Amino acid sequence: MFCGGKKSYFAATVCIITLTSMVTFSYIRLQRLAHLPKIIQEGRRCRREITNKTITPLKDNRTFIISPYFDDREGKVTRVIGIVHHEDVKELYCWFCCQPHGKIYVSKAKIDVHSDRFGFPYGAADIVCVEPENCDPTHVSIHQSPHGNIDQLPRFEIKNRKAETFSVDFTVCISAMFGNYNNVLQFIQSMEMYKILGVQKVVVYKNSCSQLMEKVLKFYMKEGTVEIIPWPINSYLKVSSKWHFSMDGTHIGYYGQITALNDCIYRNMQRSKFVVLNDADEIILPLKHPDWKTMMSSLQEQNPGTGIFLFENHIFPETISTPVFNISSWNTVPGVNILQHVHREPDRREVINPKKMIIDPRRVIQTSVHSVLRAYGTSVNVPMDVALIYHCRVPLQGNLPKESLIRDTSLWKYNSSLIMNVNKVLRQAVL
């Protein structure tokens, strides 16, 4: 194309814009072509055993694979949830083995490191690969190069390949249980409150806990409520129990919590109508409805097209007790009795209360702890008169006397059912 004629400012501007658009379009087209799958071998059988570990390091020790998931919301891709070093990992490739013809396709990955790393060198990442057009691969291998031997690469099952009907309404994701966790009584109370509110499944990413807590988890696993995902992240990285790199200078924050939350969303994308992202010491308390199902039905009716519902966190200090519900059989169980903590800290003018979420997992692409990073549709902040997060923990405003706290007994409306259910668990689990 030739730009000439009348040398006016307008003509020059149009010319520059046209040339820039052509260059940009060509670059984008080349980038797309570079990421399309290419056949590199034929007539092969994929013999290597499937990797069943939760965290699998690649040979570079800068990339850690959690699990691949089929995602057809924006085309036909395999989305691998992983952890990568945000600077050192430049290229990764998906190796697909398509049976029965034994064609091996290699697809260059788009490496999308999540924006919420909080300064740590390692962070959650989506490793996204375009799948072959004429193949629905059931397994994938991840490699730093498009060259090599697929039989020597770890092989992962691609989950969510088959569409399923929802098996549960609510799944709670708890990540991550660490520090030899032993808050047994509060964990049981939270579990029983979740069940009262309508939860059928709780997924726990377990790093470490006490022997007594292990016994409780086994009880809930046998019951069918709890699914344990082993989370030995400290075997591979220097982990922090803090949220920001400046606090201790380790590899990854809060035991890889953000990676676990993203994995939990995709793991339950096809089997749960809603996914709840909160910690074991947090309970979303509905104040206008008896349970989550009726609450969410009302919220969805009021907010069509919304897939992310954010609830405000409120601290109920475990250091301030009310001498009620002193049940003798609970006194020998380690942990906090939440029924005795019904005073919450007041809001601070200069501090925004953090939020936790109930989400439609099919509308979420990436999440952080207190908000989603990428999603389809909108988010809504749920008013405090509809629901709040009851968060019983060490105080954030420890200097306040009891008189300065707000007495809030919303939890007590569930006390009879909760006491009965907790007693049943303690009896059946023989604690």
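Only protein atoms count toward the accessible area here, which uses a 1.4 Å probe; on the chain, the carbon and sulfur part of that area reaches 53 percent. Taking the centroid of alpha carbons for each part, the stretch 186-237 and the stretch 334-355 are 23 Å apart. Please go through the residue pairs Lys355/Lys413; Lys222/Lys424; Lys195/Lys273; Lys110/Lys356; Lys76/Lys273; Lys222/Lys413 and name each one whose alpha carbons sit more than 25 Å apart in this structure. Beyond 25 Å: Lys110/Lys356; Lys222/Lys413. Mean-square fluctuations from a GNM of the chain, with a 10 angstrom spring cutoff on Cα atoms, peak among His251, His147, His343 at His147.
Have a look at the DSSP beta bridges in the stretch 168-430 and tell me what percent are antiparallel, nearest 5. DSSP beta bridges in the stretch 168-430 are roughly 40 percent antiparallel. Using a probe of 1.4 Å, the accessible surface attributed to Thr294 totals some 60 Å² when neighbouring protein chains are kept in position.
Accessible area per residue for the chain is 48 Å², calculated with a 1.4 Å probe on protein heavy atoms, without ligands, DNA or RNA. For the chain, with a Gaussian network of springs between Cα atoms less than 10 Å apart, report the residue from Ser190, Ser379, Ser167 with the top mean-square fluctuation. Comparing Ser190, Ser379, Ser167 in a Gaussian network model of the chain, the most mobile one is Ser167.
Distance from the alpha carbon centroid of the stretch 285-327 to that of the stretch 140-173 works out to 34 angstrom.
In the elastic network of the chain, a GNM with C-alpha springs shorter than 10 Å, the most mobile of Lys201, Lys59, Lys273 is Lys59. For the residues Asp347, Asp151, Asp360, Asp263, a 1.4 Å probe over the protein chains yields an accessible-area ranking, largest first, of Asp347, Asp151, Asp360, Asp263. Rolling a 1.4 Å probe over the protein heavy atoms leaves Glu227 with an accessible area of roughly 40 Å².
The values are calculated or read from the model by the stated rules, or taken from the named source; none is laboratory data. Nothing here was measured: the structure is a model prediction, and the numbers come from that model. We work out accessible area using only protein heavy atoms, side chains counted, and drop any ligands, DNA or RNA first. Shrake-Rupley method; radii C 1.70, N 1.55, O 1.52, S 1.80 Å.
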